[in-house]
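A.B. asks: Sending over a structure as structure tokens; questions will come in a sec.
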Amino acid sequence: MGFIALIFSLLLEQVRPLPRSNLLHRAIVELADLARGATDAGERRHGTFGWLLLVVSGLLLLAAVEWLLGLLSPLLVFLLHVLVLYFTLGFRQFSHSFTEIQLALVSGDVAEARRILQAWLSSDDHSFTAVDTPIPEVCRLSISSALLASHRHVFGPLFWYVLLPGAIGPVLYRLAQMLARRWSLSDDVYGQFAGKAYAWIDWLPTRLSAAGFAVVGSFEDAVYAWRGAVAAGDRDQRALLLAAGGGALGLRLADPELEAHWSQQDAPGYELQGAEPGIESLQSAVGLVWRSVVLWISLYAMLTIATWLGR
């Protein structure tokens, strides 16, 4: 049922894309703000309690609803899975901005591409500005943001959907990601646990996404870049994913400051490789993401078939 629900949810999203700012996501953000207002007394343990309060109660509620629907009809459980996947997993939550940037650059409208990039990335980083950003940097930021978004909106939730029973996996991942994003924006201690919890939950999915990019792209270059990031002592999951993705594409996607840090002294024997991103690189990135999707969905299909045959 899980694999079929996944296909239905992806088809539903293609027909009716989920807006990035939708009613359910706004409600979760408001609940997060209410929970923080009720539990934040300036200590780290209060952030831990607030995180557990929201996540555990949400997962228990979902499990109870799924159990009750199972008593009524398997079809209702199937519809619940489709609905959960529709709100937690999908391309159209980020692909619209990337496509618009690609079209603007192809048509030569660099100012429009900068405006779209500004609107896209400033939602996470309010200090970000794309004014006078050169075209290669616009391409680099667009590609790196798309690879990170494909992981957070597709591969990460999909991993937990396969691993955990029922529909709680993608909800766990999405709640952890949203709370880390909401509570870690400030520098106080309240959001520290939310950030660490998401890092724990995202540790294995990040590496599987990076491995998927390597398999469907330039494998040797992806592994080389990945090993270079590790050799430089960089354990940041975002950096590892971009290193593997950039290597798979034959591009240098790491932040310039990070590249400067990856010196020969930090990573003996490692040399930064890859071309500077250009307009043609945007289409290559789209192909890499789609090949990765086909890879993981195919593996999930084979796992589902093996489970059916084993019964």
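A.B. asks: If each DSSP helix of 4+ residues adds -39,500 (n - 2.57) and the sum is divided by the residues in the chain, what number results at 222 nm, nearest 500 deg cm²/dmol?
C.D. replies: Dividing the helical sum by the residues of the chain leaves -24500 deg cm²/dmol.
A.B. asks: Would you please name the GluC sites (Glu not before Pro) within the range 1-98 that are DSSP coil residues with at most 15 other C-beta atoms within 10 Å of their C-beta?
C.D. replies: Passing both the DSSP loop test and the Cβ count: Glu43.
A.B. asks: Okay, moving on. Under a Cβ-only charge scheme (Lys and Arg +1, Asp and Glu -1), can you give me the dipole magnitude of the range 2-202 about the Cα centre, in debye to the nearest 20?
C.D. replies: 320
A.B. asks: Give the order of Trp203, Trp183 when sorted by the count of other beta carbons within 10 angstrom, beginning with the fewest.
C.D. replies: Trp203, Trp183
A.B. asks: Specify whether the C-alpha gyration tensor of the range 2-202 places it in the rounded, prolate or oblate class, a ≥ b ≥ c being the square roots of the eigenvalues: rounded for a/c under 1.5, otherwise prolate if a/b is larger than b/c and oblate if not.
C.D. replies: Judged from the Cα gyration tensor, the range 2-202 comes out oblate (a/c at least 1.5, b/c at or above a/b).
A.B. asks: Considering only Leu89, Leu53, Leu18, give the residue with the highest GNM mean-square fluctuation for the chain, with springs between Cα atoms whenever their separation is below 10 Å.
C.D. replies: In this elastic network of the chain, the residue with the biggest mean-square fluctuation among Leu89, Leu53, Leu18 is Leu53.
A.B. asks: Can you sort Val110, Val154 so the residue with the fewest Cβ neighbours within 10 Å comes first?
C.D. replies: Least to most surrounded, the residues fall as Val110, Val154.
A.B. asks: Which one of Tyr86, Ala229, Trp67 has its Cα pushed farthest toward the positive end of the charge dipole of the chain, where Lys and Arg give +1 and Asp and Glu give -1 at the Cβ?
C.D. replies: Of the options given, the answer is Trp67.
A.B. asks: Can you tell which of Gly47, Ile101, Leu11 lies farthest toward the positive end of the dipole of the chain, using +1 and -1 charges on the Cβ of basic and acidic side chains (Lys, Arg; Asp, Glu)?
C.D. replies: Highest projection toward the positive end goes to Leu11.
A.B. asks: Could you line up Tyr173, Tyr190 from fewest to most neighbouring Cβ atoms inside 10 Å?
C.D. replies: So the ranking, lowest neighbour count to highest, is Tyr190, Tyr173.
Readers should treat all values here as calculations from the given coordinates under stated rules, not as data from a laboratory. Just so it is clear, the structure is predicted and the values come from calculations on it, not from any experiment. Using ideal geometry, Cβ is built from the backbone for each residue, glycine included, and neighbour counts are taken over all protein chains shown.
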